[in-house]
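The structure follows.
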Amino acid sequence: MIPTYPPGHDLLHGKVVVVTAAAGTGIGSAVAKRCLEEGAQVVISDWHERRLKEKAAELGDVHAIPCDVTQEDQVQALVAGTVEQFGRLDVLVNNAGLGGTKSVLEMTDEEWSRVLDITLTGTFRCTRAALKQFVAQGGGGAIVNNASVIGWRAQAGQAHYAAAKAGVMALTRCSALDAAEHGVRINAVAPSLAMHPFLAKVTSDELLEDLTKREAFGRAAEPWEVANVMVFLASDYASYLTGEVVSVSSQHP
């Protein structure tokens with residue numbers, strides 16, 4: 001049974017939040033929606049400009065800035081555009097990532113590098129840009145990264161994605177120590193299975209059924225259930241929490 005969608009409680013009131021890869025139907029758009037409901041001023045970004053415009057129109061009171069996280073100049077423009085629009089940046093949600101299924105025996109250098117560049121190096125680029133802005137503002141701020149339980153657990157055909165997500169976890173822990181002296185918190189979530197149309201399209205029914213059976217609740221998470229945890233990590237309720245990776249999963253061993 002899916003729980004009732006909870007109302008907002010102004011957990012992010014007055015904060016300026018940037019969410020990357022928010023134009024789809026998954027966790028990114030759910031986070032953007034929840035941030036709005038929690039009182040934030042929200043900037044959404046995505047490399048796909050048409051989908052980005054459509055998502056901005058759907059969400060309503062958001063500011064949209066196209067950004068390909070593999071391009072440093074676009075990452076810089078995302079932060080600069082946010083500051084130009086709202087005067088500051090308080091929270092960055094690093095949601096951009098790329099998956100796929102391919103055996104190491106058949107994986108090309110290009111396939112490996114593409115997943116790592118978007119999922120891990122893209123998170124690094126955005127983290128670096130946000131941290132510099134936080135420091136320029138006098139410190140404070142929060143970064144929430146989207147990792148995955150695949151960073152901990154083995155799954156066939158996921159070597160590139162697992163390596164990237166494990167890297168996001170390590171980046172979270174180490175960058176949190178670099179950022180602590182500036183009053184900046186950096187944490188991550190590690191979802192197991194959050195169901196949305198794109199995942200259903202790129203994953204076989206057999207694999208989805210198998211993954212769902214492993215979940216204690218007998219179902220996949222709704223994207224907004226993951227988003228709720230990300231909102232908590234971005235909020236002042238998590239003021240003494242940094243360098244942590246929170247598993248958003250009911251999956252049993």
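Kindly state, to the nearest 0.05, the FRET efficiency for Glu215 paired with Glu106, given R0 = 25 Å and r defined as their beta-carbon distance. Before the final figure, lay out the partial values.
Details: r = 29 Å, r/R0 = 1.17.
Taking R0 as 25 Å, the efficiency between Glu215 and Glu106 is 0.30.
For the chain, what does the helix formula give at 222 nm: sum of -39500 (n - 2.57) over DSSP H segments with n ≥ 4, over the residue count, nearest 500 deg cm²/dmol?
Details: 9 runs with 109 residues, N = 253.
Estimated from H runs of four or more residues: -13500 deg cm²/dmol.
Still on this structure, I have one more. Which of Lys53, Lys33 has the fewest other C-beta atoms within 10 Å, and how do the rest follow up to the most? It would help to have the intermediate numbers written out before the result.
Numbers: Lys53 14, Lys33 23.
Listed from fewest to most nearby Cβ atoms, that is Lys53, Lys33.
So, one more: Want the number for Ala57 to Arg173: 0.36 nm per residue separation, take away the alpha-carbon distance, what's left? Intermediate results must be reported in sequence, preceding the final value.
Numbers: separation 116, 0.36 × 116 = 41.76 nm, distance 3.57 nm.
My answer for the length gained is 38.2 nm.
Evaluate E = 1/(1 + (r/R0)^6) for Ser113 and Met1, where r is the Cβ-Cβ distance and R0 equals 51 Å; express this FRET efficiency to the nearest 0.05.
Numbers: r = 42 Å, r/R0 = 0.83.
Once the sixth-power term is evaluated, E becomes 0.75.
Can you put Thr127, Thr108, Thr212 in order of Cβ neighbours within 10 angstrom, beginning with the fewest?
On the way: Thr127 23, Thr108 9, Thr212 16.
Going from least to most buried by this count: Thr108, Thr212, Thr127.
Restricting attention to the stretch 72-179, which GluC sites (Glu not before Pro) occupy a DSSP loop and are surrounded by at most 14 other Cβ atoms within 10 Å? Before the final figure, lay out each step's value.
Numbers: sites: Glu72, Glu84, Glu106, Glu110, Glu111; in loops: Glu106.
Counting only loop positions with at most 14 other Cβ atoms within 10 Å, the GluC sites (Glu not before Pro) in the stretch 72-179 are Glu106.
Quote the convex hull volume per residue of the chain, based on C-alpha atoms, as a whole number of Å³. Each step should come with its number before you reach the end.
Working: hull volume 31.2 nm³, N = 253.
For the chain, the hull spanned by Cα atoms encloses 123 Å³ per residue.
Quick check: net charge around Gln158, other residues with Cβ under 10 Å of its Cβ, Lys/Arg +1 and Asp/Glu -1?
Values: positive: Lys102, Arg153, Lys165; negative: none.
Value of the local net charge: +3.
Using Cα atoms only, what is the angle between the long axis of helix 27-37 and the major principal axis of the chain, expressed in degrees (0 to 90) to the nearest 10?
Once rounded, one gets 40 degrees.
Give me the log10 of I(q) over I(0) for the stretch 53-123 at q = 0.18, 0.22, 0.24 Å⁻¹, as the Debye formula computes it from C-alpha points; what are the numbers?
For the requested q values the scattering log ratios are -0.82, -1.03, -1.13.
Now, a different point. Which net charge results for the neighbourhood of Gly39, defined as the other residues with beta-carbon distances under 13 angstrom from its beta-carbon, given Lys and Arg at +1 and Asp and Glu at -1? Provide the component values of the computation, followed by the final result.
Working: positive: Lys15, Lys33, Arg34; negative: Asp10, Glu37, Glu38, Asp61, Asp90, Asp236.
Residues close to Gly39 contribute a combined charge of -3.
Could you tell me which of rounded, prolate or oblate describes the stretch 1-109, using a ≥ b ≥ c as the square roots of the eigenvalues of the alpha-carbon gyration tensor, with rounded for a/c under 1.5 and, failing that, prolate when a/b is larger than b/c and oblate otherwise?
The shape class here is oblate.
Treating only the Cβ atoms of Lys and Arg (+1) and Asp and Glu (-1) as charged, compute the dipole magnitude of the chain about its Cα centre; round to the nearest 20 debye. Please list the in-between numbers first.
Values: 21 positive and 29 negative charges, 48 e Å.
With only Lys, Arg, Asp and Glu charged at Cβ, the dipole is about 240 debye.
Please work out how much length the chain gains when fully extended from Lys132 to Asp73, using 0.36 nm per residue of separation minus the C-alpha to C-alpha distance, in nm with one decimal. Working shown, then result.
Values: separation 59, 0.36 × 59 = 21.24 nm, distance 1.46 nm.
Extending this stretch completely gives an extra 19.8 nm.
Arrange Tyr237, Tyr161 by Cβ neighbour counts within 10 Å, fewest through most, would you?
Numbers: Tyr237 12, Tyr161 22.
Fewest-to-most ranking of Tyr237, Tyr161: Tyr237, Tyr161.
Each reported figure results from applying straightforward, stated rules to the coordinates on display, with no laboratory input. Predicted model, so just to flag it, every value in this text is computed and none were measured. Please note: Cβ atoms are built from the backbone with ideal geometry, for glycine as well, and neighbour counts cover all protein chains shown.
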